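Visitor: Dumping the structure here so I can ask a few things about it.
The values are calculated or read from the model by the stated rules, or taken from the named source; none is laboratory data. Small disclaimer: the values here were computed from a predicted structure and weren't measured. Reconstructed Cβ throughout: ideal geometry from the backbone, glycine too, with neighbour counts over all protein chains shown. The protein model used for the area step is the full one, side chains on, heavy atoms only, and it has no ligands, DNA or RNA in it. Shrake-Rupley method; radii C 1.70, N 1.55, O 1.52, S 1.80 Å.
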Amino acid sequence: MFCSFKKVAHARWVALYRHVETASLCRGGCGNTGPGSSFRKFSTSGKRRNVAMSAWVIDTYGKNDILRFTKDAAFPMINYPNEVIVKVHAASVNPIDINMRWGYGSATLNVKRDPLRIKEADSEFPLILGRDVSGVVMECGLNVSYFKPGDEVWAAIPPWKQGSLAEFVLLSGNEVSQKPKTLSHTQAAAIPYVAATTWSALVNSGGLNKDNCTGKRVLIIGASGGVGTFAIQLLKAWGANVTGTCSQNAETLVRGLGADHVVDYTAGPVDSQLRALERFDVILDNVGGDTEKWALSLLKPWSGAKYVTLVTPFLLNTDRLGVPNGMLQNGITIGKKALKNLCKGVHYRWGFFAPSGPVLDEVSELVDAGKIRPVIEQQFTFSQVPDALEKVEWGHARGKTVVTIAGVHQ
């Protein structure tokens, strides 16, 4: 299994840095696409642009009623040799989709979509939401050697790209991973976004990994949502001692995922309950707000302990001040907070959603080993996408909200 992972990782980096002179599509080297194939074969000519697909789109930012179903959404086209087109079998809805529907982060995301500002204003519309996908590879770019048409894959989709609430989605090969063999597409769609976010927060920002996590005391504030339920399982697989906060009606779920201690925030001031426990090595904050005022005092001082929050003003600042001034304000904010807390012997960090195929490779191994399972609260059909977003917008999640797409006709 380790050798297989090394081969995939090597192929990813070779493909990433390999120089090519053309962005033409792979044909003979990407698997069987001949007359006997069950996969659709598309022309790279201008006629290809007329191909359409079904999708849920938004044409402006706002409330849930702006969602529009269409059968005429633009079919994704491979423009670079490391890209793949995936037929979507299942997707899921996350809080980031609600925020994007409202326009949160649009200033920064539009810079990423159009860094040279060549396109007209509002060129991101019609915009397709959805950051999780599980499906089947349909087409490969010239440089994609580690996937072929017919492969079952999963991925977390970067927020500046078109999403998965559609029949097809275009991804970079380095964002895609082989789907766990033990999961259906519906189950698999519940994991990529929360896996990528949790991994980024705990590993990249928190400094944890499978080799140093044994015995570490980790507190998860907001343990019953998508990120929280995944984080519990990942940390327990790595041998950590996990404490989670949640409401009383989620306690059974959180304990069932392996949490060593559960604190009910409805039973009294949560900070007082947590101060009665031994201090922590790492805190993952999924709630934000006033938690910063007391959470850092729960860390072990002068021991390298870290507080990582996923609720940051990063995109809010760039939306409000513009990208240059917003980035400057972000630097000032994180700098001041980091220095203030460093003087107290603890580290203050921000965590972010960071899509990564190699990360999902490792998560897939943990899933197939039975150490991580999807936590699905509710499942919707493709025709119920507005209901799925409305459900997530209400909050108080107990796992993930999943949407089945392939095989459903509008």
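Visitor: Looking at segment 162-176, can you tell me whether even one residue there is part of a loop (DSSP other than H, G, I, E, B), closer than 28 Å to Val218 by Cα and either open to solvent by 20 Å² or more (accessible area, probe 1.4 Å) or not assigned by the TED database to the domain that holds Ala237 (or both)?
Guide: Within segment 162-176, the first condition is being part of a loop (DSSP other than H, G, I, E, B), and the residues that meet it are 162-165, 167.
With closer than 28 Å to Val218 by Cα added as a condition, the list becomes none.
No, segment 162-176 has no match at all.
Visitor: Counting only residues that are assigned to a strand (DSSP E or B) and surrounded by fewer than 24 Cβ atoms within 10 Å (Cβ to Cβ), how many does segment 214-242 have?
Guide: Result for segment 214-242: 2.
Visitor: Which residue pairs have Cβ atoms under 8 Å apart, sit 6 or more places apart or on different chains, and have a first residue in segment 334-345 that is over 17 Å from Val311 (Cα atoms) and at pLDDT 95 or above and a second that is acidic (Asp, Glu) and open to solvent by less than 80 Å² (accessible area, probe 1.4 Å)?
Guide: none
Visitor: How many residues does segment 234-263 hold that are more than 24 Å from Gly304 (Cβ to Cβ) and touching a Cys at 6+ places or on another chain (Cβ under 7 Å)?
Guide: 2
Visitor: Assess whether Thr197 counts as being open to solvent by less than 10 Å² (accessible area, probe 1.4 Å) and assigned by the TED database to the domain that holds Asp281.
Guide: Taking the combined requirement at face value, the residue does not satisfy it.
Visitor: Right, next: Quick check: is even one residue across segment 303-312 of a type in the set (A, V, I, L, M) and loosely packed, with under 15 Cβ neighbours inside 10 Å?
Guide: No.
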